[in-house]
Amino acid sequence: MTNRERVLSALRHAGPDRVPYHVGLTYKARERMVEFTGDPDFDASWDNCLCFLDIGLPAGWKEVERDIWQDEFGVRWNRAVDKDIGVVCNQIVRPDTLAGYRFPDSQDPRRLEQLEKWRLSANRERFTVVNIGFSLFERAWTLVGMEELLTYMVLEPSFVHRLLDEILEFNLALIEKACGYEIDAMMFGDDWGDQRGLIMGPDLWRRFIRPRIAKMYEAVRKRGKFVFIHSCGKVDCIFPDLIDVGVDVFNPFQPEVMDVAEMKRRFGGRLSFYGGISTQRLLP
């Protein structure tokens, strides 16, 4: 079996010849490995089964002052401590400013640079996943502020619906572009939980999040691709919802809050898990 065939077999619950795996790195660790090996595709030699491509706008990130980076949405991130992503240090959208806010250009051809390079390489040994990044809840709270968004869900629900609809339309345009290539899957990042449960609770999640992710995932599945979702935290209470809206793979599966045997018993044959190694206890 090729690595791509192994992943496909696992996702179809057919049983590959061995367990497919992927070792991922933070941005800084990746940069150091590229420098050390001299090979920008060094992880291929690790026999990684997954190949990840981004559809974000690389030129959208710029350092505006020391350790402060601004993304394509205008959100500023303090990377003084967390060098990988950072901590949001501004809020740029409020109920009275949403109408005047302009989202980045989803049609910018530079978004497709990695996909085009991959297409021309004709390398199909690995299972190829396009990462859309922050997809809905995370995109919303980085624009508005975490506490503010949770408050607005209760006190200004119409504003939250409008904001999430804008994000949805932006993402649907990216999905349409990415799924025009012969990729295997799309991955959506959207941390909904902490280690105690859903940040916003199941009722608000089902009210605001579920209807919109259902539309995004349907757009992917209609093009014959698999759906990966990343959410940290103890969110297994919504696994039945995720199965209903078409999720194929859940990541990262934190062993601190989820029991492998129990998840196998409850969701085996209906959902695949990608992860399971503790980054809190084992890797450090």
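The values are calculated or read from the model by the stated rules, or taken from the named source; none is laboratory data. This structure is a prediction, so every number in the text was calculated from the model and none was measured. Glycine gets a Cβ as well: all are built from the backbone with ideal geometry, and neighbour counts include every protein chain shown.
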- Message: Looking at segment 201-218 only, could you name the residues that are touching a strand residue (DSSP E or B) at 6+ places or on another chain (Cβ under 9 Å) and in contact (Cβ under 8 Å) with a residue 40 or more places away in the chain?
- Response: Leu204, Ile213, Met216
- Item | Considering residues of segment 163-181 that are part of a loop (DSSP other than H, G, I, E, B) and out of contact with any Leu (no Cβ under 8 Å at 6 or more places or on another chain) only, the residue surrounded by the fewest Cβ atoms within 10 Å (Cβ to Cβ) | Gly180
- Note on the structure: Reported set for segment 253-269 where residues are in a loop (DSSP other than H, G, I, E, B), out of contact with any Lys or Arg (no Cβ under 8 Å at 6 or more places or on another chain) and loosely packed, with under 14 Cβ neighbours inside 10 Å is Asp259, Gly268, Gly269
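If we keep just the residues of segment 22-64 that are in a loop (DSSP other than H, G, I, E, B), among the hydrophobic types (A, V, I, L, M, F, W, C) and out of contact with any Pro (no Cβ under 8 Å at 6 or more places or on another chain), which is farthest from Asp108 (Cα to Cα)?
Here is the first cut: in segment 22-64, the ones in a loop (DSSP other than H, G, I, E, B) are 22-26, 38-41, 47-49, 55-57, 61.
With the extra rule that they be among the hydrophobic types (A, V, I, L, M, F, W, C), the set shrinks to 23, 25, 49, 55, 57, 61.
Pick out the ones that are also out of contact with any Pro (no Cβ under 8 Å at 6 or more places or on another chain) and you get 23, 25, 55, 61.
Working: Val23: 30, Leu25: 27, Ile55: 10, Trp61: 15 Å.
Here the answer is Val23.
Could you tell me whether any residue of segment 208-222 is closer than 17 Å to Phe188 by Cβ and in contact with a His (Cβ under 8 Å, 6 or more places away or on another chain)?
Within segment 208-222 (the criterion being closer than 17 Å to Phe188 by Cβ and in contact with a His (Cβ under 8 Å, 6 or more places away or on another chain)), the answer is yes, since at least one residue qualifies.
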- Tell me which residues, restricted to segment 179-200, are touching a strand residue (DSSP E or B) at 6+ places or on another chain (Cβ under 9 Å) and of a type in the set (Lys, Arg). none
- Note on the structure: Filtering segment 1-20 down to residues that are out of contact with any strand residue (DSSP E or B) (no Cβ under 8 Å at 6 or more places or on another chain), aliphatic (A, V, I, L, M) and part of a helix (DSSP H, G or I) yields none
- Task: Please indicate, with yes or no, whether at least one residue in segment 123-137 is out of contact with any Phe, Trp or Tyr (no Cβ under 8 Å at 6 or more places or on another chain), buried (at least 19 other Cβ atoms within 10 Å of the Cβ), small (Gly, Ala, Ser) and within 25 Å of Gly201 (Cβ to Cβ).
- Result: no
- Query: hydrophobic (A, V, I, L, M, F, W, C), buried (at least 18 other Cβ atoms within 10 Å of the Cβ) and within 30 Å of Gly275 (Cβ to Cβ) - does that describe any residue in segment 93-106?
  - Reply: no
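Could you check segment 182-252 for strands (runs of 3 or more DSSP E) lying wholly inside it with 2 or more residues that are modelled with pLDDT of 95 or more and among the aromatic types (Phe, Trp, Tyr)? Spell out how you get there, then give the answer.
Numbers: elements: 185-189, 226-230, 249-251.
Counting at least 2 such residues, we get 226-230.
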- Answer yes if at least one residue in segment 17-25 is at pLDDT below 95, within 16 Å of Asn131 (Cβ to Cβ), in contact with a Leu (Cβ under 7 Å, 6 or more places away or on another chain) and not basic (Lys, Arg), and no otherwise. yes
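Where residues in segment 61-91 are β-branched (Val, Ile, Thr) and under 19 Å from Gly189 (Cβ atoms), which of them is nearest to the chain's Cα centre (by Cα)? Working first, answer last.
Quick first cut of segment 61-91, residues β-branched (Val, Ile, Thr) only: 64, 68, 75, 81, 85, 87-88.
Subset that is under 19 Å from Gly189 (Cβ atoms): 75, 85, 87-88.
Numbers: Val75: 18, Ile85: 13, Val87: 17, Val88: 18 Å.
By that ranking, first place goes to Ile85.
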- Task: Report, ordered by the first and then the second residue, all pairs with beta carbons closer than 7 Å, sequence separation of six or more or different chains, a first member in segment 1-18 that is under 20 Å from Leu271 (Cβ atoms) and among the hydrophobic types (A, V, I, L, M, F, W, C), and a second member that is assigned to a helix (DSSP H, G or I) and at pLDDT below 95.
- Result: none
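Return yes when Val160 is assigned to a helix (DSSP H, G or I) and either surrounded by 20 or more Cβ atoms within 10 Å (Cβ to Cβ) or in contact (Cβ under 8 Å) with a residue 40 or more places away in the chain (or both) and no when it is not.
On the way: assigned to a helix (DSSP H, G or I): yes; either surrounded by 20 or more Cβ atoms within 10 Å (Cβ to Cβ) or in contact (Cβ under 8 Å) with a residue 40 or more places away in the chain (or both): yes.
Taking the combined requirement at face value, the residue satisfies it.
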- Task: Collect the residues in segment 257-267 that are touching a residue at least 12 places away in the same chain (Cβ under 8 Å) and either among the basic types (Lys, Arg) or closer than 28 Å to Arg207 by Cα (or both), keeping them in residue-number order.
- Result: Val257, Met258, Met263, Arg266, Phe267
- Message: Among the residues in segment 197-208, are any under 26 Å from Gly56 (Cα atoms), surrounded by fewer than 17 Cβ atoms within 10 Å (Cβ to Cβ) and within 19 Å of the chain's Cα centre (by Cα)?
- Response: no
